[in-house]
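Chemist: One structure follows; several queries about it will come next.
Just so it is clear, none of the values below were taken in a lab; they were calculated from the coordinates. What you are looking at is a predicted structure, and each value in this text was computed from that prediction instead of being measured. Positions of Cβ are generated from backbone atoms using ideal geometry, with glycine treated the same way; all protein chains shown enter the neighbour counts.
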């Protein structure tokens, strides 16, 4: 319904500096992807906040369901042996 | 990362319900709440109490959703309508630098409106609906923008006082329990500080200028002082929304607490300018460690809120005209995008 009355929504991802990941910053409405980049430039980088912009149609994003977050993420909780600090290494052993 | 992307979950009852509700004249009918699971409610409150952020796809009470839609959209409308009194001075700013600064500030206000509409949309309402509500006169925006800006000093006073009051209101909102709103506010607060300082800078220059310029600065302070105090909303004893908003950590301080803080911050700034705050009852209460100020004329506030302020009609008229004048641009852009898509598909 909103699409007929308004331009589609795009999610905006910005790379703050070379070497960093693109990070989600918000969204803009735009008629197409190139306009979304122009709007994102005006809305999210007025103070040199970025060197690169990604735009993705919001409707194309598939997200996990928070109601299932336990089922998804709980199994990682008790596997503490996956962390290096789990292992007690004698002090005498260096560079390990 | 998934937590940011809630607005595509359109099958939930809450989303549909919200749409239906607001289509009927924008009134959030809290009384018509869906029966909600007490356990969910308890879990929600526990998360809020533990300072966890609520994200768009998380379960939330319908009244929380409605309160946020109302507050965030009013805030967005205020940013957009707030562009008008200042836009009035862009062509007449006294120097090229002042003009560039004012354009940047007005552009920021537009950006703030965009961040906030975007945050409101995560709650399952479309921007088009929110703008319809504004243009139809069914939505509120801050009463302060219904006052005129007759002189250049008003632009200084707006930055110093109006943006100063806005910052006071907005800093606690950076810790609001609703994630998208809190994130938008962090971005906005970073930019508001420039607004306030450029305003004080204008006042400083006028206050150090000729007697006519000093008079202009004083008159602007006289015009904007009381409306700025009213920006914090009705006194705590009369505020409809405070208790629940505090429990939900949408609001961290009451209207009167923030108003007091604003007075305490601003009075010394006026003194530094050599200007007089237009309140004969204003005095420092050493025992309490705060200023005592005179009583606020709430009948004026209510009058402006009900549409009878000096510029209410002009402001909404300007918004409607801009919306209509921009219609062909929106349609042309959509037609161009459709043509490009068709060509790419061929």
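Chemist: Measuring from centroid to centroid over Cα atoms, what is the spacing of segment B:217-256 and segment A:51-96 in Å?
Modeler: Taking the Cα centre of each part, segment B:217-256 and segment A:51-96 sit 43 Å apart.
Chemist: Just the Cα atoms of segment B:208-346: what Rg and Dmax do they give in Å?
Modeler: So, for segment B:208-346, Rg and Dmax equal 23.3, 79 Å respectively.
Chemist: With viscosity set to 1.002 mPa s at 20 °C, what whole-number translational diffusion coefficient in µm²/s follows for the protein assembly as shown from Stokes-Einstein and a Kirkwood radius over Cα pairs?
Modeler: Reported coefficient: 89 µm²/s.
Chemist: Exposure proxy check: B:191, B:109, B:324 ranked by fewest other beta carbons within 10 Å?
Modeler: B:324, B:191, B:109
Chemist: When B:273, B:96 are ordered from fewest to most other Cβ atoms inside 10 Å of their Cβ, what list results?
Modeler: B:96, B:273
Chemist: When N counts the residues of segment B:57-191, how does its alpha-carbon radius of gyration compare numerically with 2.2 N^0.38 Å, as a ratio?
Modeler: Expressed relative to 2.2 N^0.38 Å, the Cα Rg reads 1.10.
Chemist: Label points 7 Å out from Cα along the Cβ direction at residue A:56 and residue A:79: separation in nm?
Modeler: 2.3
Chemist: Under the classification rounded if a/c is under 1.5, otherwise prolate if a/b is larger than b/c and oblate if not, where does chain A fall, given a ≥ b ≥ c as square roots of the Cα gyration tensor eigenvalues?
Modeler: oblate
Chemist: Taking neighbour Cβ counts within 10 Å as the exposure measure, how do B:176, B:311 sort from fewest upward?
Modeler: With the fewest neighbours first, B:176, B:311 line up as B:311, B:176.
Chemist: Connecting C-alpha atoms closer than 10 Å in a GNM of chain B, tell me which of B:332, B:165, B:220 has the biggest fluctuation.
Modeler: Top of the fluctuation ranking is B:332.
Chemist: Can you show me the helix-derived [θ] at 222 nm for chain B, built from DSSP H runs with n ≥ 4 at -39,500 (n - 2.57) apiece and divided by the number of residues, rounded to the nearest 500.
Modeler: -19500 deg cm²/dmol
Chemist: Next question. Compute a Gaussian network model of chain B, connecting alpha carbons closer than 10 Å, and tell me which residue from B:87, B:317, B:199 fluctuates the most.
Modeler: Top of the fluctuation ranking is B:317.
Chemist: Could I ask something else about it? With bins 20 Å wide starting at 0, give me the P(r) of chain B over every alpha carbon pair, in whole percents.
Modeler: Calculated over all Cα pairs of chain B, the distribution is 27, 55, 17, 1 percent.
Chemist: Hey, for a label at residue B:107 modelled as a point 7 Å past Cα toward Cβ, could you say which residues of segment A:1-42 have their backbone N under 14 Å away?
Modeler: A:38-42
Chemist: Hey, for a label at residue B:193 modelled as a point 7 Å past Cα toward Cβ, could you say which residues of segment B:91-117 have their backbone N under 18 Å away?
Modeler: Backbone N within reach: B:105, B:108-109, B:112.
Chemist: What is the angle, in °, between the Cα long axis of helix B:211-230 and the longest principal axis of the Cα atoms in chain B? Nearest 10 is fine, range 0 to 90.
Modeler: 40
Chemist: Grab the Cα-Cα distance for residue B:298 and residue B:332, subtract it from 0.36 nm times how many residues apart they are, and report the gain in nm with one decimal.
Modeler: Residue separation times 0.36 nm, minus the Cα-Cα distance, leaves 7.6 nm.
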